[in-house]
Amino acid sequence: MSKVYFMDFKVRDMEKDSKVQKIERLCDAAGLKNFLKKGDLTAIKIHFGERGNDGFISPVYVRRVVEKIKEQGAIAFLTDTNVFYVGERQNAPEHLKLAVEHGFDYAVVGAPLIIADGLKGNNSREIPIHAKHFETVTVAGDIVDADSMVVLSHFKGHPIAGFGGAIKNLAMGCAPAIGKKAQHQERPCIDENLCVGCGTCVRECAPQALYLVNKKAHLNAQICVGCGKCTTVCPKQAISMDLKKQSTAFMERLVEYAKGAVKNKKNRVFYINFLMNVTPLCDCFHFSNETIVPDIGLLASDDPIALDKACYDMVVQKAGKDILKNLHHDVDMMRQISYGSEIGLGSMDYELISLNGENI
């Protein structure tokens with residue numbers, strides 16, 4: 001059984017129970033230092049946020065992790081990869097500019113920022129994994145070259161994967177555009193009987209794959225990147241994906257990419273999930289919806305499968321029902337977890353170690 005360490009946000013001691021202090025204590029208790037060596041170039045894998053979305057992890061919290069890494073004599077840098085759709089995170093200069101606007105500046109976080117796949121997403125390595133969907137996966141070069149990695153993930157819902165946590169942060173987050181496209185192979189369908197030609201999907205489609213003809217939406221499948229955003233913004237629910245057929249394969253591709261992202265870092269990757277601001281959709285949308293459960297806490301592990309499973313279980317426990325399944329009912333919610341266990345990325349079985357001084 002993998003160990004998952006948990007710390008809630010309840011204040012029991014006003015002198016040492018701020019969130020930043022809890023992050024420090026969690027890193028110590030879960031043994032962050034054991035994953036680092038003096039002189040390591042340590043990647044802190046994080047999502048810098050999309051414009052209009054405020055669900056990303058606060059830079060104030062990230063600074064505490066940076067400081068814990070520095071205590072071990074390692075050299076920390078914050079990193080993410082460019083996206084494959086049209087937007088401000090499509091190339092390194094604009095991506096970094098947005099990151100700084102969101103507070104990820106050296107003066108705040110205490111570490112430099114590097115876009116791991118380079119200026120235009122061409123810095124990558126082919127990693128052999130010999131799995132069901134991929135013989136090799138394409139991983140950002142600076143992720144591969146980093147000596148160790150700390151993965152900071154905001155746990156939330158996702159329209160195709162059901163939820164996004166450490167697994168998705170590794171899979172999509174460590175891949176350049178070509179790798180992201182390889183994982184996204186789903187394409188939406190348009191019901192012309194329901195479509196009223198309002199143009200909402202056209203305006204929201206970053207790659208401009210949607211267009212109107214005779215007041216009906218149409219899709220250019222060759223341009224479409226399969227992100228599924230149009231399915232969430234259509235006011236008439238005229239656009240959909242056959243998730244019962246497509247989502248399982250998508251999640252398996254995610255997991256295979258996640259395994260490739262850490263293949264050369266055995267016992268050198270540490271994970272923290274932030275179980276707060278849990279929204280129905282991922283942070284790649286340009287808005288943040290209302291939260292579906294109250295903030296729960298922080299969890300850490302060296303096993304991304306066990307960590308995401310523990311987070312999912314806690315959301316269900318907090319909501320009193322399987323709220324993520326209710327939101328994304330056509331998705332096999334546990335396929336990320338079960339397939340990750342099948343291919344050796346981690347374990348479905350975990351021991352939850354509470355650091356709260358009381359039962360959760």
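Observations on the structure shown:
- Residues 329, 286, 102, 95, ordered by accessible area of protein heavy atoms at a 1.4 angstrom probe radius and largest first, appear as 329, 286, 102, 95.
- Percent antiparallel among DSSP beta bridges (both partners in the chain, rounded to 5): 50
- Expressed as a whole percent, the accessible surface of the stretch 72-128 that belongs to carbon and sulfur atoms is 60, based on a 1.4 Å probe.
- Helix 59-71 axis versus longest C-alpha principal axis of the chain: approximately 40°, rounded to the nearest ten.
- Charge tally in the Cβ shell below 11 Å around residue 230, where Lys, Arg are +1 and Asp, Glu are -1, residue 230 excluded: +2
- Within-13-Å neighbourhood charge of residue 325 [Cβ basis; K, R +1; D, E -1]: -2
- Antiparallel bridges, percent of DSSP beta bridges restricted to the stretch 54-186 (to nearest 5): 75
- Relative to the Cα centre, the charge distribution of the chain, modelled as +1 at Lys and Arg Cβ and -1 at Asp and Glu Cβ, gives a dipole magnitude of about 340 debye.
- For the stretch 18-57, radius of gyration divided by Kirkwood radius, i.e. Rg to Rh on alpha-carbons: 1.09
- Heavy-atom accessible area ranking, 1.4 Å probe, most first, across 259, 265: 259, 265
- Sparse-neighbour loop sites [trypsin sites (Lys or Arg not before Pro); the stretch 142-236; at most 16 other C-beta within 10 Å; DSSP]: 215, 236
- Spatially proximal lysines relative to residue 97 (Cα-Cα < 18 Å; intrachain offsets below 8 disregarded): 45, 120
- Pairs from 259/309; 70/259; 156/321; 33/156; 216/236 whose Cα-Cα separation, in the structure shown, is over 18 Å: 70/259; 33/156
- Stretching residue 189 away from residue 29 to a fully extended chain increases their span by 52.8 nm, per 0.36 nm per residue minus the current alpha-carbon distance.
- With every protein chain in place, the stretch 241-352: carbon and sulfur % of accessible area (1.4 Å): 47
- Taking only Cα atoms of the stretch 4-98, radius of gyration then Dmax in Å: 15.8, 47
- Take the stretch 261-315 with all the other protein chains still there, run a 1.4 Å probe, and you get 31 Å² of accessible area per residue.
- Of every Cα-Cα pair in the stretch 234-306, the percent that sits beyond 16 Å: 71
- For the stretch 157-238, GluC sites (Glu not before Pro) are listed when DSSP marks them as loop and at most 16 other Cβ atoms sit within 10 Å of their Cβ; the list is 192.
- The mean of 1/r over all distinct Cα pairs in the stretch 276-360, once inverted, gives the Kirkwood hydrodynamic radius of 14.2 Å.
- The chain: most fluctuating residue of 13, 349, 303 per GNM, C-alpha cutoff 10 Å: 13
- Accessible carbon and sulfur surface of the stretch 142-217 relative to its total accessible area, %, 1.4 Å: 49
- Rg of the Cα atoms in the stretch 284-326, relative to 2.2 N^0.38 Å, amounts to 1.30.
- Each Lys or Arg adds one and each Asp or Glu takes one away; over the other residues whose Cβ falls under 12 Å from the Cβ of residue 117, this sums to +1.
- The mean sequence distance of close C-alpha pairs (under 8 Å, at least 6 residues apart), as a share of the length of the chain, puts its relative contact order at 24 percent.
- Taking the inverse of the mean reciprocal distance over all distinct Cα pairs, the Kirkwood hydrodynamic radius of the stretch 107-228 comes to 17.1 Å.
- Over the chain: Kirkwood hydrodynamic radius from C-alpha pairwise inverse distances, Å: 20.6
- Heavy-atom accessible surface of residue 342, to the nearest 10 Å², is about 120 Å², with a 1.4 Å probe and all protein chains retained.
The values are calculated or read from the model by the stated rules, or taken from the named source; none is laboratory data. Remember, it's a predicted structure, so these values are computed and weren't measured experimentally. Using ideal geometry, Cβ is built from the backbone for each residue, glycine included, and neighbour counts are taken over all protein chains shown. Note: accessible area is taken over every heavy atom of the protein model, side chains too, but ligands, DNA and RNA are not part of it. Shrake-Rupley method; radii C 1.70, N 1.55, O 1.52, S 1.80 Å.
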